[in-house]
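See below for the structure under consideration.
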Amino acid sequence: MKKMYSALSLIFIFSIGFAQPVKENGRLKVSGINLVNEKGQPVVLRGMSFGWHNWWPRFYNAGTVSWLKKDWGCNIVRAAMGVEPEHGYINKPAWGKETIKAVIDAAIKEGIYVIVDWHSHNIRQEEAKKFFTEIATEYGKQPNIIYEIFNEPEQQSWAEVKAYSIELIKTIRAIDPDNVILVGSPHWDQDVHLVADDPIKGFDNLMYTLHFYAGTHKQQLRDRGDYALKKGLPIFISESAGMEATGNGPLNETEWNAWITWAEKNKISWITWSVSDKDETCSVLLPTASSTGNWNTKDLKQSGLKTRELIRKYNGLKP
């Protein structure tokens, strides 16, 4: 009877831990190359990125966040604030913040982590500072929050990205001294080897983003990641998927699995792109998918089926 009770207790504790990842791990920090919890234990976050808020706002709600947690097993979601395109933050800042905040509030309620992503390919320093000042002021005391201050620098040098990032880090740290900040690297977050040779100094709890699309990015990019890790650079995969970098083309499951194996081996968190229903391989949903979750397998593209399988597997849930 005692043994049965112990086993049931472990199951209960695991269930509660998964149900409330933030409650279990608390405010995250960076130690060496690892993301760790309040006890100093390595943490790997695995979850989904929403698509650009300005194009797929219908999924930015509590129902979708709850479904991603409960059915897909996500312990983190990423809210992608589209900046420049039509209906983006530059044109509609109030609506953009309202849309993003719906996901942030839902993630806090569900007890999971949330990345607040400035989804731009260009330097818009003053607008970004204003946005993150408001987010840090409202949510900086919440341990759920992770800031991603520059999604994918496109043409900028590391010197330019570094200077921009330092200004944004100063802005956030004046309000929120603790929560993790994700810093982009040049060429769509591919040049982590250059960043590793000249990282930002003088601030705590910084990580650097590496993005992969397995149909395009293979061992060469993993080698760059290995170089960065050996130099002591903490890496976070804040966007990834199994097809070509265009977001289209067939899934390369061999390379995709190789990437996930690499990330898990190095205790690197990974986020998959994206919760949207665009006619492209990387959008995980079909137009039949409800705006508020409760999706059936017939509502998922092949990329959605595979992503759900991977997240559930590595977050310890049954297939």
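Summary table
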quantity	calculated
Percent accessible area from carbon and sulfur atoms, the chain, protein chains only, probe 1.4 Å	54 percent
Anisotropy class of the range 217-319 from Cα gyration tensor, a/c 1.5 cut	prolate
Most fluctuating residue given options TRP56, TRP256, TRP270, as computed from a GNM of the chain linking Cα atoms under 10 Å	TRP56
Theoretical FRET efficiency, 1/(1+(r/R0)^6), r = Cβ-Cβ of VAL30 and GLU280, R0 35 Å, to 0.05	0.55
Average accessible surface area per residue within the chain, 1.4 Å rolling probe, Å²	42 Å²
Summed residue charge, Cβ within 12 Å of GLY215's Cβ, Lys/Arg positive, Asp/Glu negative	-2
Average Cα contact separation per residue, the chain, under 8 Å, 6 or more apart, as relative contact order %	19 percent
Euclidean distance of C-alpha centroids, the range 173-206 and the range 60-139, integer Å	19 Å
Kirkwood-type radius of the range 41-110, with distances r between different C-alpha atoms, in Å	12.4 Å
GLU264-ASP204 FRET efficiency (beta carbon distance; Förster radius 35 Å; 0.05 resolution)	0.85
Gaussian network model of the chain, springs between alpha carbon atoms under 10 Å - residue of PHE59, PHE150, PHE131 with greatest fluctuation	PHE131
Other-chain or far-sequence residues with amide H under 5 Å of PHE236's (modelled H)	TYR208, THR209, LEU210
Percent RCO, i.e. relative contact order, over the range 79-211, from Cα pairs under 8 Å lying at least 6 residues apart	21 percent
The chain - Kirkwood radius from inverse mean 1/r over Cα pairs (Å)	19.6 Å
Cα gyration tensor of the range 164-249 - equivalent ellipsoid semi-axes, whole Å, descending	26, 15, 10
Extension gain from TYR314 to THR246, taking 0.36 nm per residue of separation minus the Cα-Cα distance	21.9 nm
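The values are calculated or read from the model by the stated rules, or taken from the named source; none is laboratory data. None of the values given here were measured: they were computed from a predicted structure. Cβ sites come from the backbone with ideal geometry, for glycine too, and all protein chains shown count toward neighbours. SASA here: full protein model, heavy atoms, side chains in, ligands and nucleic acids out. Shrake-Rupley method; radii C 1.70, N 1.55, O 1.52, S 1.80 Å.
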